[in-house]
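Encoded as structure tokens, the structure appears first; notes follow it.
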Amino acid sequence: MTPVNAIVAKELRSYFVSPVVYVVSAVFLLIFGVLSYLAVVNAGNQAVRMMQIQGAAAQLNLNDLVFRPTFYSTAIVILLVLPILTMRLFAEERKLRTFELLMTSPIGINAVVLGKFLGVCLIFLGLLALTGIVPLILSVYSSFDWRPVLTGYLGLALMGALFLAAGVLASALTENQIVAAFLSFGLLILIWLLGALGAVLGDNPVGNAISYLSFIEHYDRLVRGLVDTKDLVYFVCGMILMLFLTHRVVESQRWK
């Protein structure tokens, strides 16, 4: 077993013996289910109104009426939920006084940071996989374009991974888990608001550059079914930057 695999296995064991992951999973899946149900009810109501007006069965676009609103709402949900998953990663190590033991082990810092990140990513991807039952059930009763659904899930996975990387960085900065969660949440909100700041500055090189730093524009294109290389590069580079900063923070604290 490689050092990274050992850290991933350790993190997964820690998550599944803690009630936090079960509570977070239940809340996330419940909210996703409610959001999907409300979107489906809204689509059904629109179908009834259109049928009353047109006098025939209405052809509805489920991608616009159900999946796109659900994906947009889910982005806010994971913004609130994922910092709770990541807050314990390094903060708990310090609280339990196992951080020094981890730093003096033969496992390198790269493996520690990457292993903790991959461990929490697996938890999140598992939750996303469970939500896939919604489009599968809807596909039995109606037809829709799967491409925007799949790219929407790709956007959720990439944006969630970016959020988790930011959460790992926040957890490395403090030994208090609550502080780590708020640091992660605050950092993500600031990155989100860069899009609004870029819009205020207008359509110029500075405004466009600041807007590019916000994840919401890149996520929006994926939800609409558009896969652009610059959006994929944004999320990958964002994750790498967050993990690199985490490595520097952990390394700086190693010698204190």
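The values are calculated or read from the model by the stated rules, or taken from the named source; none is laboratory data. Bear in mind the structure is a predicted one, so any value in this text is a computation, not a measurement. No Cβ is skipped: glycine too gets one built from the backbone with ideal geometry, and neighbour counts run over all protein chains shown. Quick note on the areas: whole protein, heavy atoms, side chains included, nothing else; ligands and nucleic acids left out. Shrake-Rupley method; radii C 1.70, N 1.55, O 1.52, S 1.80 Å.
Points worth noting:
- Within the chain, helix-based [θ] at 222 nm, where runs of 4 or more DSSP H residues each add -39,500 (n - 2.57), nearest 500: -27000 deg cm²/dmol
- Given charges at Cβ of Lys, Arg, Asp, Glu: the chain dipole, positive-most of Gly202, Leu213, Cys237: Cys237
- Relative contact order of the chain, taken over Cα pairs closer than 8 Å and 6 or more residues apart, is 24 percent.
- For the options Leu193, Leu12, Leu101, a Gaussian network treatment of the chain with springs between C-alpha atoms closer than 10 Å singles out Leu101 as fluctuating the most.
- Shown for the chain are the DSSP H helices of 15 Å or more along their axis, judged by Cα atoms, with a mean Kyte-Doolittle hydropathy of at least 0.0: 3-16, 19-54, 68-86, 109-131, 146-172, 177-201, 229-254.
- Accessible area per residue in Å² at 1.4 Å probe, computed on the chain: 51
- Accessible surface of the chain [probe 1.4 Å, protein heavy atoms]: carbon and sulfur percent: 71
- Share of alpha-carbon pairs per 10 Å distance bin for the chain, given as whole %: 7, 27, 30, 21, 10, 3, 1, 0
- Under the simplified labelling scheme, the Arg49-Asp203 pair shows an inter-label distance of 3.1 nm, with each label point 7 Å from Cα along Cα→Cβ.
- Using a Förster distance of 35 Å, the FRET efficiency for Val41-Leu190 (Cβ separation, nearest 0.05): 0.50
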